[in-house]
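Below: the structure, in structure tokens.
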Amino acid sequence: MINITENLKSVTDDLKEGVRLVAISKFHPAENILEAYQAGQRVFGESHVQELVAKQQTLPDDIEWHFIGHLQTNKVKYIAPFISLIHAVDTPKLMWEIDKQGQKNNRVLHCLLELHIATEETKYGFSYDELISFLESGEWKSMNHVSVDGLMCMATNTDDEDQIRGEFHLAKSIFDEVKQRFFAEVPSFQELSMGMSHDYHLAMEEGSTLIRVGSKIFGERVYA
Ligand SMILES: *Cc1c(COP(=O)(O)O)cnc(C)c1O
């Protein structure tokens, strides 16, 4: 039996100062989320728009929903009214759409830019060079309904701890550089989202501020 309350506690007990937990509830039913909610968790992350919208409609209003997956441009409109943080903005085009939907909903949408750091080819995100040239272009400055709150990344899916640590270390140094060069006067640029069930301890040691932990809390996901 999975004990969500106990699992949650074991993760929150480990949180370093300044680190927040995003409980990743994708593919888990609403009643499991409610159990974590009743144990005190308020921040949840989902990676599929339809699933997120359905859960948001049935679960308590004071949940802070984060979108953590690859977001298709044509789906931003469904989450724009309520989303608290979009973790994985990976193209300027997506960011412009977020700005447009923020405007329509009369709110500023908070997001993180996804940095591609892992060795896998398949993962989304800006390379270092793409990120710097996008930020240098300054085009994001005219997006009045987007707040860039930081960076997000995923490490390579490997058991090699040195490699994972090295990737997180690199992400933190890029975060610091970007903060200094482009967001020195922007206090809200402060989040570095990295770390999942198998690597969140390493991520916290390397400077993560948001960890995204799913299976360690809710158990293995069952894919329909
Ligand atoms: C599913 C997912 C997680 C959580 O993964 P676990 O290994 O279950 O902790 C974190 N981040 C992203 C982007 C995910 O898609």
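Among residues of segment 1-24 that are over 20 Å from GLN190 (Cα atoms), those with a beta-carbon under 7 Å from a residue that is among the β-branched types (Val, Ile, Thr) at least six positions away or on a different chain give the pairs ILE4/ILE217; ASN7/ILE217; LEU8/ILE217; VAL11/VAL213; VAL11/ILE217; ILE24/ILE68; ILE24/VAL213. For segment 119-164, the candidate set comprises residues that are among the hydroxyl-bearing types (Ser, Thr, Tyr) and in a loop (DSSP other than H, G, I, E, B); within that set, the residue that is modelled with the highest pLDDT is SER127. Is it the case, given these coordinates, that LYS100 is open to solvent by 60 Å² or more (accessible area, probe 1.4 Å), in contact with an Asp or Glu (Cβ under 9 Å, 6 or more places away or on another chain) and under 30 Å from LYS179 (Cβ atoms)? So LYS100 fails the test. Within segment 178-191, residues that are among the basic types (Lys, Arg) have Cβ atoms under 6 Å from residues that are in a loop (DSSP other than H, G, I, E, B) in these pairs: LYS179/PHE189, counting only partners at least 6 apart in sequence or on another chain. In segment 200-224, the qualifying residues are those that are open to solvent by 30 Å² or more (accessible area, probe 1.4 Å) and basic (Lys, Arg), and the one that is nearest to ILE164 (Cα to Cα) is LYS216.
Tell me which residues, restricted to segment 6-24, are within 13 Å of the chain's Cα centre (by Cα) and either among the acidic types (Asp, Glu) or within 13 Å of the ligand (Cβ to nearest atom) (or both). Listed by number, the residues that qualify are LEU21, VAL22, ALA23, ILE24. State whether one or more residues within segment 145-155 are out of contact with any Cys (no Cβ under 9 Å at 6 or more places or on another chain), loosely packed, with under 15 Cβ neighbours inside 10 Å and either in contact (Cβ under 8 Å) with a residue 60 or more places away in the chain or of a type outside the set (Phe, Trp, Tyr) (or both). Within segment 145-155, none of the residues are out of contact with any Cys (no Cβ under 9 Å at 6 or more places or on another chain), loosely packed, with under 15 Cβ neighbours inside 10 Å and either in contact (Cβ under 8 Å) with a residue 60 or more places away in the chain or of a type outside the set (Phe, Trp, Tyr) (or both). Residue under question is LYS77, and the condition is that it be within 19 Å of MET194 (Cα to Cα), touching a helix residue (DSSP H, G or I) at 6+ places or on another chain (Cβ under 9 Å) and among the charged types (D, E, K, R); does it hold? Considered against the rule, which asks whether it is within 19 Å of MET194 (Cα to Cα), touching a helix residue (DSSP H, G or I) at 6+ places or on another chain (Cβ under 9 Å) and among the charged types (D, E, K, R), LYS77 comes out as no. The set of residues in segment 13-26 that are out of contact with any helix residue (DSSP H, G or I) (no Cβ under 8 Å at 6 or more places or on another chain), within 19 Å of ASP62 (Cα to Cα) and surrounded by fewer than 20 Cβ atoms within 10 Å (Cβ to Cβ) contains only ARG20. Yes or no: segment 27-45 includes at least one residue that is in contact with a Ser or Thr (Cβ under 8 Å, 6 or more places away or on another chain), open to solvent by less than 20 Å² (accessible area, probe 1.4 Å) and farther than 30 Å from HIS169 by Cβ. Yes: one or more hits. With SER133, SER208, SER215 as the choices, which residue is more than 16 Å from the ligand (Cβ to nearest atom) and small (Gly, Ala, Ser)? Sole residue among the options that is more than 16 Å from the ligand (Cβ to nearest atom) and small (Gly, Ala, Ser): SER133. Looking at this structure, is SER197 surrounded by fewer than 22 Cβ atoms within 10 Å (Cβ to Cβ), more than 14 Å from the ligand (Cβ to nearest atom) and of a type in the set (S, T, N, Q)? No, not satisfied. Residue check, ALA80 against (1) surrounded by 20 or more Cβ atoms within 10 Å (Cβ to Cβ); (2) in contact with a Pro (Cβ under 8 Å, 6 or more places away or on another chain), all met but one. Which one? Condition (2) is where ALA80 drops out. For segment 179-194, the set of residues classified as open to solvent by 10 Å² or more (accessible area, probe 1.4 Å) and not aliphatic (A, V, I, L, M) consists of LYS179, GLN180, ARG181, PHE182, GLU185, PRO187, SER188, GLN190, GLU191, listed by residue number.
The values are calculated or read from the model by the stated rules, or taken from the named source; none is laboratory data. Since this is a predicted model, take the numbers as computed values, not measurements. As a convention, Cβ positions derive from the backbone with ideal geometry for all residues, glycine included, and neighbour counts pool all protein chains shown. All accessible areas refer to the heavy atoms of the entire protein, side chains included, with ligands and DNA or RNA removed. Shrake-Rupley method; radii C 1.70, N 1.55, O 1.52, S 1.80 Å.
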